[in-house]
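Notes for the one structure printed next.
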């Protein structure tokens, strides 16, 4: 039981971080399917810097910076260029996949070294505390960061002035504009913040769940994060719970797989995606999305 | 650097072998590019051409290596093509029904179905469709009666694809259905007031789009590889998005656009072989082309931006 809980939290962490990033972006009214590529770029940049500097923390910082950079690209085209967000997201994913793949081959020639990784946050008495130890201290810092960021995003969206402005822009860009909220600036800021979280989520893959970067290593986790935001009904608490659900589903999958119950492995590969589809079809129906989600905003056009 | 560029050129347009490779790479891009153009025109964001292609290849393989192994070519080739279209249509329609009945965004569902399809292919070739020798995870080779006729190393599917581009142009711009589809894509609310059901159009559009992508999958297994294996399509369905956007969603313009990206793929493969430049850099080019094409189309027609229409009904 304890092992299942541990695995659930570990596997949920990158999903939670990426989904929180996407949540911030979507509450400002944008759909960023480039989150997958943003995560991948974070995983790559984090790995490269961690290997070069010998410090996993430097890697995490680099992942955040790389994520923000990809976010700046997305914002430049989707917010200021008003290119359709799905189109920009697709382009971001292709760019990230190509650039990180080519970069990894150029740097390591197909045999990347092992990176320094982030281990458990604390050991000893703290880690042995009942519940709290397993939930917080025996885990990598990414798990703890996920909990804290979920809280921070939830409070910021619900209780702070910038959060209010962000939601206003997502629910009605025109009304927010009329109130004097600088719509493009708020949206761009949301994209930058959200993308930096996605970048860190990538680092959780290359600097904690493994010690290496492999081409396309996000393997659709960014897309699952998109589904998590919908499943979590665009709230931080919902996103947290939905991430734990997916973490748990993946942990169970590994467990069944290891037990070798005679089910061929592709069934397990398919499992998280089928669960996601089923959850979207059954549970959410028509949940309340930000009213202006996915719409470009131009003052003169409205 | 010069060596790489030379390889890129001679491997794509600078030699007979290069042209052959270019045409071979262009065929699936043309058909999937049409699939994406159709879907985007109808206001459905089909990001799932990749999965639909694989589903098509899977169904085509079932027919060719299990159901109709003994059939004559006259029957088998059309059956294989139809099976491919059917498999792709099934995946497309599933995304359409999820959107129409449950409000699930097709952007998400088609992406997720891509992963489902590639897992299904893996499942099939590790299990029921695995070759008789059971040595490798791949299907039996297709019987020769199932293979597409080919000229040199370019298969007849390319001709069908060219024909399909013309047919799709006619469908979109010369038929009442095409009018309704474009109406839903441009202004779903207005279309609804005109008595058109956007939900029904979405299901049909995604099914048709999936059918095209599935057909591309059938062409690949029956025209190029002659069997099914993992990694059959290394991102064709994603490149198709770049193909369709560069063509500005015009079926006839998809032809030169597919040729361009086909030449790029063929040239990049040569560049990797001969100059050691990783072929994945083509994805960078695809990403850049998508962004530039989208920007240009906004400059030209400020009133009808690419997209901006698919979800304008939501509020």
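Quick note: the coordinates plus some simple rules give every number you see, no bench work behind them. Because the structure is a prediction, the values reported are computed rather than measured. Note that each Cβ is placed from the backbone with ideal geometry, even for glycine, and that neighbours are counted across all protein chains shown.
Observations on the structure shown:
- As a length-normalised measure over Cα pairs under 8 Å and 6 or more apart, the relative contact order of chain B settles at 36 percent.
- Alpha-carbon centroids, segment A:1-29 and segment B:237-274: separation in whole Å: 36 Å
- A:33, A:25 arranged by Cβ crowding within 10 Å, fewest neighbours leading: A:33, A:25
- P(r) weight above 47 Å for the protein assembly as shown, C-alpha pairs, percent: 12 percent
- Nearest-ten-degree value, helix A:56-75 long axis tilted from longest Cα axis of chain A: 30 degrees
- Shielding score for B:116-126, defined as the mean number of other chain Cβ atoms within 10 Å: 4
- For segment B:1-77, the ratio of Cα radius of gyration to the globular rule of thumb 2.2 N^0.38 Å stands at 1.56.
- Per-residue mean of foreign Cβ neighbours for B:95-107 is 4 (Cβ atoms of other chains, 10 Å radius).
- For chain B: rounded, prolate or oblate by the Cα gyration tensor [a/c cutoff 1.5]: oblate
- Segments B:207-216, B:179-188, B:234-243 sorted - mean Cβ within 10 Å per residue, highest first: B:207-216, B:234-243, B:179-188
- Segment B:277-296 and segment A:119-197 have Cα centres lying 32 Å from one another.
- The Cα trace of chain A gives Rg and Dmax of 19.1, 62 Å, the first to one decimal, the second as a whole number.
- Ascending count of other beta-carbon atoms within 10 Å, so fewest first, for A:38, A:140: A:140, A:38
- Rounded if a/c under 1.5, otherwise prolate or oblate - segment A:145-302, Cα gyration tensor axes: prolate
- Peptide A:222-231 is shielded by partner chain Cβ atoms: per residue, an average of 3 of them sit within 10 Å of its Cβ.
- Rounded, prolate or oblate (a/c below 1.5 giving rounded, otherwise prolate when a/b exceeds b/c) for segment B:99-245 by Cα gyration tensor: oblate
- Label-point gap, in nm, between residue A:161 and residue B:166 - each point 7 angstrom along Cα→Cβ: 6.6 nm
- Acute angle (nearest 10 degrees) that the helix A:161-171 long axis makes with the longest principal axis of chain A, alpha-carbon atoms: 70 degrees
- For chain A, the longest principal axis of the alpha carbon atoms and the long axis of helix A:265-279 meet at an angle near 30°.
- Taking the fewest neighbouring Cβ atoms within 10 Å as the starting point, the ordered list for A:39, B:271, A:217 is A:217, B:271, A:39.
- Label separation (residue B:135 vs residue B:153): 2.3 nm, computed from points 7 Å beyond Cα along the C-beta direction.
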